[in-house]
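So the structure is just underneath, and the comments pick up after that.
The values are calculated or read from the model by the stated rules, or taken from the named source; none is laboratory data. Note that the coordinates shown come from a computational prediction; the quantities given were computed from them, not determined experimentally. As a convention, Cβ positions derive from the backbone with ideal geometry for all residues, glycine included, and neighbour counts pool all protein chains shown. Surface accessibility is based on the protein's heavy atoms, side chains included, excluding ligands, DNA and RNA. Shrake-Rupley method; radii C 1.70, N 1.55, O 1.52, S 1.80 Å.
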Amino acid sequence: MTGLIYLVGAGPGDPELLTVKARRLLGEADVIVHDYLVPAEILALARPEAERIFVGKKGGGFCCPQSTIEETLIQLARLGKTVVRLKGGDPFVFGRGGEEAEALVAAGISFEIVPGVTSALAAGAYAGIPLTHRALSSAVVFLTGHEDPNKPGSNLRWEDYGPLQATLCVYMGMKNLETIARRLQDGGMPADTPVAVIQSATTGAHRQMLATLADIAQRAEREGFGAPAIVIIGAVAALSENLAWFATARPAELRS
Ligand code: SAH
């Protein structure tokens, strides 16, 4: 009998933001296959005898090619195992969950998808930035900043997002932040547009900053901000000045 694969979102970091379903499945699985962004407290919810397989990729470097991850899942299912494939945030938002699901379908393996709190939502909530607001923003866009923005054939044309009246949430954007900010301005986004960077949102290492499109890249670098971080661009980002609750609730020595 072949096993079942669950592609499960682990949420942004705080173990309490795990779904009840994810928690139950973690307690039932024979094998946990996980990424580097999944915290130890969440992995600790697995049965002690469950096998744990780390297939993380960090900062563009990599441990396992995607094809190896897919092959591992298929082999485990053929051994009859119940597998939780645990990914940071949501498995279908910049998590390559789509590719893994396609590989499972091609191999005739049954699977289920369990959504997780994606980091843009968590970063907004914990930083005090409502991603939509009746007076300020009626649309939200999730983008990846990971692509080399200058590579020919890059499928993100940042200039196109300049005129958009929307909140932009950029995943994996720290390395290319300067280029992204410049290209949005080239596309017509005002230089004084508020921009927030939220690093390690919801965790003990949570930090956030607020600047403008004109100076965000320089200031984020000066203040040592880096991955994992979400960049939120748009008028709503400025609301964090009033609404930031998590960073201010934590003891001063832990704050940036
Ligand atoms: N599937 C994940 C995204 C994976 S891509 C999700 O739905 O959230 C990895 C990127 O997610 C990081 O580079 C960063 O941009 C973002 N990220 C993940 N965890 C984060 C956190 N706790 N705080 C801020 N950004 C985070």
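What the table below lists for this structure:
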item: Test: Glu159 is more than 16 Å from the ligand (Cβ to nearest atom), assigned to a strand (DSSP E or B) and surrounded by fewer than 17 Cβ atoms within 10 Å (Cβ to Cβ); result: no
item: Residues (closer than 16 Å to Gln185 by Cβ and either surrounded by fewer than 20 Cβ atoms within 10 Å (Cβ to Cβ) or free of Cβ contacts under 8 Å to residues at least 24 places away in the same chain (or both)) located in the stretch 207-234; result: Ala211, Thr212, Ala214, Asp215, Gln218, Arg219
item: Test: residue in the stretch 72-83 that is open to solvent by less than 80 Å² (accessible area, probe 1.4 Å) and under 25 Å from Val170 (Cβ atoms); result: no
item: Test result for Gly11, farther than 23 Å from Gln199 by Cα and of a type in the set (Gly, Ala, Ser); result: no
item: Per-region count, the stretch 167-202, residues in a loop (DSSP other than H, G, I, E, B) and surrounded by fewer than 17 Cβ atoms within 10 Å (Cβ to Cβ); result: 6
item: Failed item, numbered, when Ala125 is tested on (1) away from the ligand (no atom under 13 Å from the Cβ); (2) at pLDDT 95 or above; result: (1)
item: Helices (runs of 4 or more DSSP H) lying entirely in the stretch 1-92 (those with 1 or more residues that are more than 23 Å from Leu104 (Cα to Cα) and free of Cβ contacts under 8 Å to residues at least 24 places away in the same chain); result: 20-28, 40-43
